[in-house]
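Below is one structure, written out as structure tokens; comments come after it.
The values are calculated or read from the model by the stated rules, or taken from the named source; none is laboratory data. Just so we're clear, the structure is a prediction, and the values are computed from it rather than from any experiment. For neighbour counting, all protein chains shown are included, and Cβ atoms are generated from backbone atoms with ideal geometry for every residue, glycine included. Please note that ligands, DNA and RNA were not included when accessible areas were found on the heavy atoms of the full protein model with its side chains. Shrake-Rupley method; radii C 1.70, N 1.55, O 1.52, S 1.80 Å.
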Amino acid sequence: MLAATRQLVRWLDELGQISDEEARLTRTFLSPAMRRANAQVGRWMQSAGLAVREDGVGNLIGRLEGPTPGAKTLLLGSHLDTVRDAGRFDGPLGVLLPILALQELQRRRIALPYAVEVLGFAEEEGVRFASAYLGSKGYSGQLRAADLAFKDAAGVSVRAALETFAGAPWKAPAAAHRQSNLLGYFEVHIEQGPVLEAEELAVGVVTAIAGQTRGRLTLRGRAGHAGTTPMALRRDALAGAAEVVLAAEALARAVPGLVATVGTLQVKPGAPNVIPGEVVLSLDVRHARDGARTKALRELLATAGRIARRRRLGQEWQITQDNGAVACAPALTRQLGAAVRAVQGRNLELVSGAGHDAVVMAGLTDVAMLFVRCKEGLSHHPDEQAAPADLDAALRVTVEFLSQLRHV
Ligand code: HGY
Ligand code: MN
Ligand code: MN
């Protein structure tokens, strides 16, 4: 095993301790833990000889200049934010591994014919504002006014949160690069699924990333006394939401390749002896084919409308994220596949059901992704685990890919 891989394991463990919560790993957009994580990863980037900066959206950027001023740049990275009660690999692996791959290339005295930027995106999961990819959108000049208007549970907008974080009025950062001076974007990420484990492979190459729509469905009934209001007179928003949750599950079970998830429920006013007057539920719908996803969403909202009418509830739907499926760049992916075969002997191509910053970066440049096997495909869970031997394979593939990369 490479010494760099042993260092990677230590860094992942150390970064996994930087959290906004005592007993579990939670690091959300612009939080105090995010500042501490950026500072720590920034020091590691500097130890690898990278020039480090933080942009106006809180992304951490480490740059290694190329041999000539006009050299093109290869972007490498992933996200440093996490879900609640997260594992320590989802995101940070794709930021820390490239730093150590660059150190390994320096150790082998391999000079790259291009510049490199290692990116630690500030917000990929979409936990705080229910809208994912705000970091990579900001970095790539794709942040929109609508994105800045999203509000968190406390009613704070993205714009206000950014101004507080920066201590200055919001100024949209220009896109960090023009497409013409980029070689592409490469992301290493745990698979978060069972395929590599079933195939007994350490790594595989991503061909496409499923599209996803996220939104908030608000059901409004009437709060009332739990003891004196007859059942027939109630307009119980939570009972209605419960029917919607089960309808989402039933539809996804019925449509091959469709997944639908209600991950959060906000119940108001939220007292044991008060009939819930209002519920806001999050909805996350995904499919590898955009037509199937949009059709399923239409059906689900129609079902929710029938439930709301029957229960005399008001209904409001707000989309907070809508990304079509994205194909990885064939030429870049072929080169990555060659690096996988050189290290692992065999390559496997697979589609990602999870979203990644590569979805957004595909709007700026060619993208390629390397997946790393994770135990039982478990992710978004503290027991998320990638074996050191698999991390070693991923690091060797990345070193091989970077050293062989030819401008396509
Ligand atoms: O939700 C996802 O697909 C990713 O983990 N952000
Ligand atoms: Mn991720
Ligand atoms: Mn994730």
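A Cβ-based charge dipole, computed about the Cα centre of the chain with Lys and Arg at +1 and Asp and Glu at -1, lands at about 1020 debye.
Only one residue of Leu313, Ala111, Thr398 has its Cα farthest out toward the positive end of the dipole of the chain, where Lys and Arg carry +1 and Asp and Glu -1 on Cβ, and that residue is Leu313. A DSSP coil position with no more than 11 other Cβ atoms inside 10 Å describes the following GluC sites (Glu not before Pro) in region 1-32: Glu22.
Whole-Hz Karplus values for region 209-219 come out as 10, 4, x, 8, 10, 10, x, 10, 9, 9, 10 Hz, taken residue by residue from phi with 6.51 cos²θ - 1.76 cosθ + 1.60 and θ = phi - 60°; glycine and proline positions read x. Each DSSP beta bridge with both residues in the chain is either parallel or antiparallel, and the antiparallel ones are about 70%. The length gained by stretching the chain between Arg312 and Glu299 to full extension, at 0.36 nm per residue less their Cα-Cα distance, is 2.7 nm. Mean residue ellipticity at 222 nm, helices only, the chain: -11000 deg cm²/dmol; runs of at least 4 DSSP H residues each add -39,500 (n - 2.57), and the sum is divided by the number of residues. The shape of region 281-408 comes out prolate: with a ≥ b ≥ c from the C-alpha gyration tensor, a/c is at least 1.5 and a/b beats b/c. For Val205, the residues whose amide H sits under 5 Å from its own are Leu348, Glu349, Leu350, Phe371, ignoring neighbours fewer than 5 places away on the same chain, with H placed 1.01 Å from N. With the convex hull of the Cα atoms taken as the outline of the chain, the averaged projected area works out to 20.5 nm². Loop-located trypsin sites (Lys or Arg not before Pro) across region 54-138 with a Cβ neighbour count of 10 or fewer within 10 Å are Arg108, Arg109, with loop assigned by DSSP. Take the alpha carbon gyration tensor of region 1-110, find the square roots of its eigenvalues, order them as a ≥ b ≥ c, and report rounded if a/c is under 1.5; if not, report prolate when a/b exceeds b/c, else oblate. Oblate shape, in that a/c is at least 1.5 and b/c is the bigger or equal ratio.
Here the convex hull built on the C-alpha positions of region 211-323 has a volume of 87 cubic angstrom per residue. Within the accessible area of the chain, the carbon and sulfur atoms contribute 53%, probe 1.4 Å, all protein chains present.
The Rg/Rh ratio of region 134-222, with both radii computed over alpha carbons and Rh defined as the Kirkwood radius, is 1.09. What is the angle, in °, between the Cα long axis of helix 237-254 and the longest principal axis of the Cα atoms in the chain? Nearest 10 is fine, range 0 to 90. Tilt of helix 237-254: around 50 degrees.
For the chain, lysine pairs separated by 8 or more sequence positions, or belonging to different chains, with Cα-Cα distances below 26 Å total 5.
Could you give the nm distance between label points at Gln404 and Ala166, where each point is 7 Å from its Cα heading toward the beta carbon? If labels sit at Gln404 and Ala166, their model points lie 4.2 nm apart. Looking at region 236-291, none of the trypsin sites (Lys or Arg not before Pro) sits in a DSSP loop with at most 12 other Cβ atoms within 10 Å of its own Cβ. Couplings 3J(HN,Hα) of region 353-365, computed from phi: x, 7, x, 8, 4, 4, 4, 6, 5, 5, x, 10, 7 Hz, in residue order, whole Hz [Karplus 6.51 cos²θ - 1.76 cosθ + 1.60, θ = phi - 60°; x for Gly and Pro].
The string of couplings for region 322-339 from the Karplus curve (6.51, -1.76, 1.60, θ = phi - 60°) is 8, 10, x, 4, 10, 8, 6, 5, x, 5, 5, 5, 5, 5, 5, x, 5, 5 Hz, one whole number per residue in order, with x for Gly and Pro. Applying 0.36 nm per residue to the separation of Ile110 and Glu199 and subtracting their alpha-carbon distance, the gain on full extension is 28.8 nm. For Ile110, the solvent-accessible surface with a 1.4 Å probe is about 60 Å², rounded to the nearest 10.
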